[in-house]
Number of protein chains: 2
Amino acid sequence: MVRFVDVPGMRRWLGEIGLETAIAGIAATIEEDFRRWPEFDKTARVASHSEVGVIELMPISDGRTYGFKYVNGHPGNPGRGLQTVTAFGVLADVASGYPTLWSEMTILTALRTAATSAMAARALAPENATTMAMIGTGSQAEFQAIAFRTLLGINSLRVWDTDAEAMDVFLRNMLPLGFEIVRARSAAEAVAGAEIITTCTADKAYATILTDEMVGSGVHLNAIGGDCPGKTELDARILRRADIFVEFPPQTRIEGEIQQLSPEHPVTELWRVLRGDAAGRTSAEQITVFDSVGFALEDFSALRYLDASIDGTDFYTEVDLIADPADPKDLFALVADAATARTPV
Amino acid sequence: MVRFVDVPGMRRWLGEIGLETAIAGIAATIEEDFRRWPEFDKTARVASHSEVGVIELMPISDGRTYGFKYVNGHPGNPGRGLQTVTAFGVLADVASGYPTLWSEMTILTALRTAATSAMAARALAPENATTMAMIGTGSQAEFQAIAFRTLLGINSLRVWDTDAEAMDVFLRNMLPLGFEIVRARSAAEAVAGAEIITTCTADKAYATILTDEMVGSGVHLNAIGGDCPGKTELDARILRRADIFVEFPPQTRIEGEIQQLSPEHPVTELWRVLRGDAAGRTSAEQITVFDSVGFALEDFSALRYLDASIDGTDFYTEVDLIADPADPKDLFALVADAATARTPV
């Protein structure tokens with residue numbers, strides 16, 4: 001039997017432990033797994049592009065546990081009442097090849113993306129940062145805000161979205177949680193005075209959400225939205241002034257902001273910073289960019305945290321996914337009756 | 001909501017329509033899809049190898065429907081009561097990126113592999129073949145036998161396996177279905193006089209199940225077992241005497257019997273034969289080899305057939321896999337309660 005966490009199960013689990021606990025726990029698990037980066041069998045995700053979006057599979061293994069996520073990205077979906085990004089994920093036992101956990105991951109992806117961003121910012125953002133600008137207040141934005149408050153104590157937000165309704169929703173959700181929020185009238189106004197800038201927009205296009213003159217020295221950019229070929233958010237001149245930190249270079253070179261730069265442009269792998277093998281922020285004036293595209297390891301960690309957390313609870317059901325004949329060499333026994341069935345074709 | 005076919009649902013479906021109907025329907029759907037081969041976005045599968053086995057993801061899309069299969073291969077599994085191969089699969093809507101069907105595929109993979117073999121043999125085997133040798137009588141064998149009888153009328157089998165128990169199981173399952181079966185004492189005895197030879201063994205090794213002198217002219221080889229790097233079944237000299245037909249060359253060059261040959265060795269893509277664009281069998285003396293490794297398209301077709309066949313039945317349930325907030329831009333609404341939950345960490 002395989003554990004199955006559906007959407008109601010995920011919501012009940014989060015209602016029980018709370019979003020802050022979940023994000024902190026997922027961030028700690030991601031950091032733990034980033035620190036053992038060399039143990040993982042890593043591949044760039046496998047993408048199937050269409051004119052309206054992309055469907056991706058993101059597999060990874062540490063030799064004991066295998067995991068993968070199915071995720072789509074369809075910027076036009078909200079226009080017809082659907083989510084831009086939906087996802088589900090699976091864990092499996094490497095020794096047997098049998099799946100062990102199957103879970104909704106639309107919500108869990110929002111949590112792990114936010115947890116990853118905040119974990120990276122903890123290593124890269126200026127010390128004593130108090131204010132974060134957020135460009136793009138779509139489905140991911142609330143999770144980012146909560147993650148940055150949980151891990152870095154950021155309580156002051158300056159937000160901007162070209163979609164006024166998206167800002168309405170964000171303020172309605174976040175004001176009751178005690179955030180101080182400035183609703184800016186432009187991206188430039190949003191970023192003014194912020195030590196951390198999160199860009200999280202969804203257009204599948206080369207966009208310039210931030211231009212060069214908008215970004216002063218001493219800031220940390222948490223660039224999430226540039227995450228597939230042909231989809232970027234930052235003026236390349238910002239990147240050239242910055243130190244760039246990435247998840248898995250072979251994937252980020254294709255999908256991240258750095259697809260705008262030469263393939264040789266120097267970047268630092270985040271895992272090396274987390275292990276203390278590479279420098280993170282080295283000066284107050286430095287611009288740091290976390291060019292985040294989302295990597296399979298983060299999903300693996302989130303699923304691993306979920307799986308441990310739901311042990312002994314009723315937040316999952318068990319589903320009969322794997323055919324299990326009494327004699328493992330006799331799969332046919334399970335359908336022998338059907339061999340003599342004679343329904344007219 | 002996503003349709004979910006679990007193992008009991010799959011068994012009830014097959015019990016209702018019968019194995020022969022299912023195999024014939026899957027074979028027809030696979031052939032239909034092979035004939036529109038250029039419409040598909042094809043990639044070699046993504047494999048994660050360990051010392052004891054492999055876990056693979058096999059995605060494909062025709063621009064309207066996307067599908068993938070998760071499948072493992074663990075030759076040591078039966079020794080501890082587990083299946084060598086287990087699988088599950090998913091269909092999704094390319095326009096929205098939303099998954100639509102999730103199904104067990106351990107049983108369905110056995111059906112589609114057998115359907116593919118028989119469909120290929122219908123195009124490649126000598127006319128009026130009456131006898132098939134089967135080397136390897138594991139979990140896949142019964143399905144192959146039924147598929148070859150359903151599509152080609154083959155009722156006479158000559159079988160061999162190094163595992164006497166596996167042969168016992170095969171005979172126990174197949175004799176009641178009216179097959180004439182010779183239990184051979186060696187692979188050489190099994191193949192003597194057979195016009196079709198199916199090899200389907202599971203060792204993850206370069207093996208030589210058939211040596212050159214065992215294979216005369218005028219036979220069709222249905223080579224299934226050589227299906228990952230380092231795993232082959234045929235003497236390379238047989239391949240050099242034969243005309244070789246494959247599914248997707250970039251995958252077969254790495255995984256199939258032809259990994260023993262130079263990368264330039266000529267092969268014919270099966271879909272071209274099925275479309276009438278390339279010759280299949282051209283003489284009675286010719287040796288034809290279907291070097292089958294299993295391709296994502298076959299799983300796609302099997303899932304597509306299943307999905308259509310279960311319409312309006314109770315062979316599936318609906319599961320709540322995709323988070324679906326009333327306002328698509330407000331995913332957070334689904335977990336807003338959890339933002340104020342304060343469970344001690």
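Rule-based calculations on the coordinates, nothing more; no lab input. These figures come from a predicted structure and were not determined experimentally. Virtual Cβ from ideal backbone geometry, glycine too; neighbours counted across all protein chains shown.
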Among A:325-336, B:175-186, how do they line up from the highest to the lowest mean number of other beta-carbon atoms within 10 Å? A:325-336, B:175-186
Given labels modelled 7 Å from the Cα in the Cβ direction, how far is it in nm from B:ILE254 to B:ALA278? 2.0 nm
³J(HN,Hα), Karplus 6.51/-1.76/1.60, whole Hz, each residue of segment A:152-162, x for Gly, Pro: 10, x, 6, 10, 10, 10, 10, 10, 8, 8, 5
Taking each label point as 7 Å beyond Cα in the direction of the beta carbon, state the distances from B:SER217 to the same residue in the other copies, shortest first, in nm. 8.4
Please report, for B:ARG122, the nm distances (one decimal) from its label point, 7 Å out from Cα along the beta-carbon direction, to the equivalent points in the remaining copies, shortest first. 6.0
Quick one: give the max-minus-min coordinate of the C-alpha atoms of segment A:134-198 along each principal axis, largest first, in Å. 28, 24, 17
Tabulate in residue order the Karplus-calculated ³J(HN,Hα) for segment B:241-258, using 6.51 cos²θ - 1.76 cosθ + 1.60 with θ = phi - 60°, rounded to whole Hz; enter x for Gly and Pro. 8, 10, 9, 10, 10, 9, 7, 10, x, x, 7, 5, 4, 8, 10, x, 4, 6
If the chain between A:MET1 and A:ARG36 were fully stretched, how many nm would it gain, using 0.36 nm times the residue separation less the Cα-Cα distance? 9.6 nm
Taking each label point as 7 Å beyond Cα in the direction of the beta carbon, state the distances from B:ALA308 to the same residue in the other copies, shortest first, in nm. 4.8
Measuring from label point to label point, each 7 Å out along Cα→Cβ, what is the B:ALA207 to A:ASP168 span in nm? 6.7 nm
In nm², the average projected area of the convex hull spanned by the Cα atoms of segment B:206-345 is 16.8 nm²
For peptide A:159-166, how many partner chain Cβ atoms fall within 10 Å of a residue's Cβ, on average? 1
May I ask what percent, to the nearest 5, of DSSP beta bridges between residues of segment B:60-214 are antiparallel? 50 percent
Taking the Cβ of A:GLU165 as the centre, find all other residues whose Cβ is under 11 Å away and add up their charges (Lys, Arg: +1; Asp, Glu: -1). -3
Compute the signed sum of charges (Lys and Arg +1, Asp and Glu -1) over the other residues within less than 11 Å, Cβ to Cβ, of B:VAL215. -1
Under the rule of at least 5 residues apart or a separate chain, name every residue whose amide H is placed under 5 Å from the amide H of A:THR130. A:GLU195
Taking amide H positions as placed in the peptide plane 1.01 Å from N, state which residues far from A:GLY218 in sequence (5 or more) or on other chains have amide H under 5 Å from it. A:GLN286, A:ILE287
State the answer as a single residue: which of A:ALA92, A:ILE197, A:ALA47 lies farthest towards the positive end of the charge dipole of chain A, with beta carbon charges of +1 for Lys and Arg and -1 for Asp and Glu, about the Cα centre. A:ILE197
Bridge orientation stat for segment B:218-345 from DSSP, antiparallel percent rounded to 5, came to 10 percent
log10 I(q)/I(0), Debye, Cα-only segment B:296-343, no solvent, q = 0.14, 0.29 Å⁻¹? -0.64, -1.05
Report the number of Lys pairs in chain B whose alpha-carbons are under 27 Å apart, with separation of 8 or more residues or on distinct chains. 6
For chain A, set up a GNM with springs between Cα atoms under 10 Å and report which of A:THR162, A:THR130, A:THR268 has the largest fluctuation. A:THR162
Residue mean of other protein chain beta carbons inside 10 Å, A:316-326: 6
Quick check for me: using +1 on Lys/Arg Cβ and -1 on Asp/Glu Cβ, what's the dipole size of segment A:159-221 about its Cα centre, in debye to the nearest 20? 120 debye
Can you pull the mean other chain C-beta count within 10 Å for peptide A:87-95? 5
For n ≥ 4 DSSP H runs only, could you compute -39500 (n - 2.57) per run for chain B, divide by its residues and tell me the 222 nm figure to the nearest 500? -9500 deg cm²/dmol
Distance between the C-alpha centers of segment B:127-152 and segment A:146-209? Whole Å please. 63 Å
Please list, ordered by chain and number, the residues whose modelled amide H lies under 5 Å from the amide H of B:THR86; skip anything fewer than 5 residues away on the same chain. B:ASN72
What does the charge add up to near A:GLN260, with Lys and Arg as +1, Asp and Glu as -1, over the other residues with Cβ less than 14 Å from its Cβ? -3
Given chain B, what percent of its DSSP beta bridges are antiparallel, to the nearest 5? 50 percent
For A:ASN155, placing the label point 7 angstrom along Cα-to-beta-carbon and taking segment A:110-135, residues whose amide nitrogen sits under 20 Å are A:118, A:122, A:126-134
Could you go through segment A:131-143 in sequence order and give the Karplus-derived ³J(HN,Hα) for each residue, using 6.51 cos²θ - 1.76 cosθ + 1.60 with θ = phi - 60°, rounded to whole Hz, and x for Gly and Pro? 10, 10, 8, 10, 9, x, 10, x, 4, 7, 5, 4, 5
Expressed in nm to one decimal, what extension gain is obtained for the pair B:ASP311 and B:ASN128 from 0.36 nm per residue of sequence separation less their Cα-Cα distance? 62.1 nm
